[in-house]
Amino acid sequence: MNFFPPDPEMPDAEDEASESTQPPWWAPPEDELPALLAATEIIATTAHIAVALIGVGVYQEGVEFRLERRLRRNGLTNKEWNEWTSTFMENWSPASSPADRMRFGLVLGDGERVFADYTFAGGTDPHVEPAGHTLARRGGAGGGGSGVFAAQDSLWLWPAPPEGPIELVMQWPEFGIDERRIFLDGSAIRALASQARPLWD
């Protein structure tokens, strides 16, 4: 007699659940190859922190702003380094104030402001199509060693922006970074949307 029960039987192919699809305002499409805008800009730097835009992926219905941030030790003690790396990787701390967190937003060519904070705050159903533009922040890989930490983020703007300049705004008061801004050509971004291609027919 066996101690472990037998594994459950796998369902037949016809019984399997259909693949789920995520709403387009949540994230870039997984079946599309974006056109790339070669845009690199340093957004903010301090003695220890650097935040930069490292590229823009343009999809048929939205735009992904790719970001990288780095923390360098630069003379910090072991205790300070451990505290700073924890904060840099956005690990929650009871000593942290929500007002001091890293924040991102955009001003679009028509003056609309969108924020990456709480896209679906206020009880809004995330499955219901939003009335205006949305900006979703998506975290990527991150890590480091005894001297430098790095992390990647992206901002997904949906739907495609209107004509005119795009202003990217960020702040991170916890690291002494007040509001910083860079400007991008929204019209050039829109022009690239037609070059995005499906990965599969």
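Filtering segment 57-92 to residues that are of a type in the set (S, T, N, Q) and either within 22 Å of Pro161 (Cβ to Cβ) or open to solvent by less than 40 Å² (accessible area, probe 1.4 Å) (or both) leaves Gln60, Thr85, Thr87.
For Trp25, all conditions in the list (1) under 14 Å from Trp156 (Cα atoms); (2) more than 15 Å from the chain's Cα centre (by Cα); (3) modelled with pLDDT under 95 hold save one; what is the number of the exception? Trp25 satisfies every listed condition except (2).
Name the single residue that is farthest from Ala136 (Cα to Cα) among those in segment 152-176 being assigned to a strand (DSSP E or B) and of a type in the set (A, V, I, L, M). Restricting to residues being assigned to a strand (DSSP E or B) and of a type in the set (A, V, I, L, M), the top hit is Ile166. Taking the stated definitions as given, is Leu71 closer than 30 Å to Gln195 by Cβ and modelled with pLDDT of 95 or more? The answer is no for Leu71.
In the set Leu168, Leu108, Leu199, only one residue is open to solvent by 60 Å² or more (accessible area, probe 1.4 Å), in contact (Cβ under 8 Å) with a residue 60 or more places away in the chain and touching a strand residue (DSSP E or B) at 6+ places or on another chain (Cβ under 7 Å); that residue is Leu199.
In segment 56-71, the residues that are closer than 22 Å to Gly143 by Cβ and of a type in the set (Val, Ile, Thr) never reach a residue that is open to solvent by 20 Å² or more (accessible area, probe 1.4 Å) and modelled with pLDDT of 95 or more with C-beta atoms less than 6 angstrom apart, at least six apart or across chains.
Regarding Ile182, is this residue part of a strand (DSSP E or B), more than 30 Å from Trp81 (Cβ to Cβ) and β-branched (Val, Ile, Thr)? Explain how you work it out, then say what you get.
Working: part of a strand (DSSP E or B): yes; more than 30 Å from Trp81 (Cβ to Cβ): no; β-branched (Val, Ile, Thr): yes.
Criteria not met by Ile182.
Condition test on Ile54, is it over 30 Å from Ala160 (Cα atoms), modelled with pLDDT of 95 or more and β-branched (Val, Ile, Thr)? Answer is no for this residue. Residues in segment 133-151 that are touching a Phe, Trp or Tyr at 6+ places or on another chain (Cβ under 8 Å) and part of a strand (DSSP E or B): Thr134, Leu135, Ala136, Arg137, Arg138, Gly142, Gly143, Phe149, Ala151.
The values are calculated or read from the model by the stated rules, or taken from the named source; none is laboratory data. Owing to the predicted nature of the structure, the values given are computational and were not obtained by experimental measurement. Don't worry about glycine lacking a Cβ; one is built from the backbone with ideal geometry, like all the others, and counts go over all protein chains shown. Calculation scope for accessible area: heavy atoms of the full protein, side chains included, ligands and nucleic acids excluded. Shrake-Rupley method; radii C 1.70, N 1.55, O 1.52, S 1.80 Å.
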